[in-house]
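The values are calculated or read from the model by the stated rules, or taken from the named source; none is laboratory data. Because the structure is a prediction, the values reported are computed rather than measured. Cβ: placed from backbone, ideal geometry, glycine included. Neighbour counts: every protein chain shown. Note: areas computed on protein heavy atoms with side chains; ligands, DNA, RNA excluded. Shrake-Rupley method; radii C 1.70, N 1.55, O 1.52, S 1.80 Å.
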Amino acid sequence: MEIAVLGSPAFTLGFQLAGISHIYNPEGDEAIQSELKVLLNSKDVGIVVVDSEVLASLPDRLREQMSASVSPTILGIGTEEDNTLRETIRKAIGVDLWK
Amino acid sequence: MALDIKPTRSELIKLKARIKQTKNGYKLLKMKRDGLFHEFRSLLAEMIEAKKDLTATYRLAKTRIDLANAIEGGLAVRATAIANSAHPEVEVQRRNIMGVVVPNIQGSGLKSSFDSRGVGFIGSSPYIDEASDSFGNLIEKIVTAAEMEATLKRLLEEIEATKRRVNALEFKVIPELEEAQGFIKLRLEEMEREETFRLKRFKNK
């Protein structure tokens, strides 16, 4: 299965350097959301790497869908720590177990 | 359900057996829930470490590529990126944790070796190479983190479902069964008392 990367060209360049070919640079919220929806339903993609800033700008429902998705697994990368998983755990178990 | 119980002795016997069975199932489910939770906790600890590591690795990779861009120019970096023939892929297999199917992700071709990068010693730059290296590193860490995250999500789903079943048994099913049992006992006692009373009247007549 493939690894896909979605984000700004500056973000995706590093991954291209390491050899990833499934690069997506959609411009504008609409394009980003529709591209993500396509990737969510794709069978060949195992992991989608998304810039955490892009993740934060998404509507809640889409973010929840991405949190829940296991194939492909959506991973947010950023210079700040990503908290969506922490929220999911807190909602499911009722206690904030992170840290 | 409690409304159409026949207050007979045979129903009582059946009910008793059912209560026993349900309580057994309840105990097992509780054990499953606790076991899953235990697995989850230990995996979570690993995951927190992995995420910290990931963020640190990304920061380093970003710094390096910004440096490469600044020194060599964006064009050179992009050209090297296109020339790279390595192709990272992941293979997803299934694993079983306490009855939950979780993914096991193996990456291949994640780190490109020097010769597969498509540039010679002279054509490349140490900055671009370092950036390449750290991104290769980053991708490895991403694959590990993605596997852990997917596993955690699956475990979480199963924990939630099991927790709901345990609660349903504890707060609805078993109390209803016990209530029905109490009801039958009550009615049987009542009927016995009525019988006794009727017999007494008969005797006295």
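Numbers for the structure displayed
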{"quantity": "Relative contact order %, chain A, counting alpha carbon pairs below 8 Å whose residues are six or more apart", "calculated": "25"}
{"quantity": "Peptide A:47-57 - average C-beta neighbours from other chains (10 Å radius)", "calculated": "2"}
{"quantity": "Sequence-distant residues sharing a close amide H with A:Ile74 (under 5 Å, placed H)", "calculated": "A:Val48"}
{"quantity": "Mean ellipticity per residue at 222 nm, deg cm²/dmol - from DSSP H runs of n ≥ 4 across chain B, formula -39500 (n - 2.57)", "calculated": "-26500 deg cm²/dmol"}
{"quantity": "Cβ-derived FRET efficiency at R0 30 Å, A:Val95 paired with B:Asp66, nearest 0.05", "calculated": "0.15"}
{"quantity": "Mean Cα-pair separation over length for chain B, i.e. relative contact order, pairs under 8 Å, 6 or more apart, %", "calculated": "35"}
{"quantity": "Mean shadow area of region A:2-93 over all directions, Cα convex hull, nm²", "calculated": "5.9"}
{"quantity": "Nitroxide proxy distance, nm - points 7 Å out along Cα→Cβ at A:Ser8 and B:Ile82", "calculated": "2.3"}
{"quantity": "R0 of 30 Å, Cβ-Cβ distance B:Asp34-B:Arg95: FRET efficiency to nearest 0.05", "calculated": "0.90"}
{"quantity": "Accessible-area composition of the protein assembly as shown, carbon plus sulfur, in percent [1.4 Å probe]", "calculated": "53"}
{"quantity": "Rg/Rg_ref, chain B, where Rg_ref = 2.2 N^0.38 Å and atoms are Cα", "calculated": "2.01"}
{"quantity": "Spacing of the two label points (7 Å from each Cα toward its C-beta) at B:Asn104 and B:Thr22, in nm", "calculated": "4.0"}
{"quantity": "Protection proxy ranking, peptides A:2-15, A:40-53, average beta carbon neighbours within 10 Å, highest first", "calculated": "A:2-15, A:40-53"}
{"quantity": "Within 10 Å of each Cβ in A:17-28, the average number of Cβ atoms from other chains", "calculated": "6"}
{"quantity": "Contact surface B-A: accessible area buried, both sides summed, square angstrom, 1.4 angstrom probe", "calculated": "3800"}
{"quantity": "Partner chain coverage, peptide B:139-149 - average Cβ within 10 angstrom", "calculated": "5"}
{"quantity": "Filter on B:Lys6/B:Lys205; B:Lys6/B:Lys27; B:Lys52/B:Lys153 - keep pairs with C-alpha separation over 24 Å", "calculated": "B:Lys6/B:Lys205; B:Lys6/B:Lys27"}
{"quantity": "Rounded accessible area per residue of region A:2-93, 1.4 Å, Å²", "calculated": "45"}
{"quantity": "Kirkwood Rh and Cα Rg combined as Rg/Rh, the protein assembly as shown", "calculated": "1.29"}
{"quantity": "Label-point separation in nm, A:Lys43 to B:Lys205, each point 7 Å along Cα→Cβ", "calculated": "8.1"}
